[in-house]
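Just below is one structure, and these are the notes that go with it.
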Amino acid sequence: MDGSDRRWLSRRRDGTPGEGRWVCGDCWTAHPRVSPDFLIEELDGSLVVTRVKGADGRSHHRYAYTRQQRVRATRQIRLVGIRSHWSGQNRTVEEATSLFPEHRLLDGAVAEEDGRVYRWLYLLGPLARGRRVSVGIRQVFEDAYAPMKPYYRESCEERPVGKLSVRVQFDHADAPAEAWHVVWRRTRSGSSRQEVARTRCRPSADQAAGKVVYALTLRRPDPECAYGIWWRWPEETPRRLAGTPARRAPGEDVSRTLPRGRR
């Protein structure tokens, strides 16, 4: 072998295919393909943004976040993992809670090196292969010390997802000047995400009185991507972020520009 970075298929002891990578000469390392312990049939993420005043009289934003998903077990499981990330800062952060009282939330609480907080919902018993269950979390946080970056996204967490929905709600008096549907793909190193598509979007037609809602729904999204809404506050100067793709025509179907999901 010439030592180049080449992938080779191998066989595990049980006869199922694995994957290896040649590292040098006749040396190689094995990377067995591990199937997920559950599949996400539906993932619904929601962020409600409101402007509030702090004790010092200055205004900031409060974010009420919920994530609900219906999963189907591919083997017997007791835990369903959920990870989240937010970019603002506050003195205290309200603890996350389970949307369903019959489940117990195991909260990592502290962000790891990648900035994410890892959590698990304990089902208080085994869920057999092929069975379905709905799980979810809710958390409220504020950006009194450092403002949150103006975007909200959900990822498939490298799992097949049947349907993914993202929704952001603002008060009409504090609505963004403009917003976009955005797609991020994980970099090769896996340590960050890079924007790969951006499409200007308009508020949803079914918004409640006095509210402005931006939403995005996809079927069979790419497991390697994250999808969400990026907005610009009225006081911010319009500008194109470095490295972002050119904006597309208003009203263009975002699904035409998104990476295709696995079939």
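Counting Lys and Arg as +1 and Asp and Glu as -1 over every other residue whose Cβ lies under 9 Å from the Cβ of CYS225, the net charge comes to +1. The stretch between HIS172 and ALA55, if pulled fully straight at 0.36 nm per residue, gains 39.7 nm over its current Cα-Cα span. For THR74 and ARG138, a Förster radius of 25 Å and the Cβ-Cβ distance give a FRET efficiency of 0.40, rounded to the nearest 0.05. If you sort the three axes of the alpha carbon gyration tensor as a ≥ b ≥ c, you get a/c of 1.5 or more for segment 42-88 and a/b above b/c, which makes it prolate.
Overall, the anisotropy analysis places segment 112-219 in the prolate class: the square-rooted eigenvalues a ≥ b ≥ c of its C-alpha gyration tensor yield a/c not less than 1.5, with a/b exceeding b/c.
Values quoted throughout were computed directly from the atomic coordinates according to the rules given, and no laboratory measurement underlies them. Nothing here was measured: the structure is a model prediction, and the numbers come from that model. As a convention, Cβ positions derive from the backbone with ideal geometry for all residues, glycine included, and neighbour counts pool all protein chains shown.
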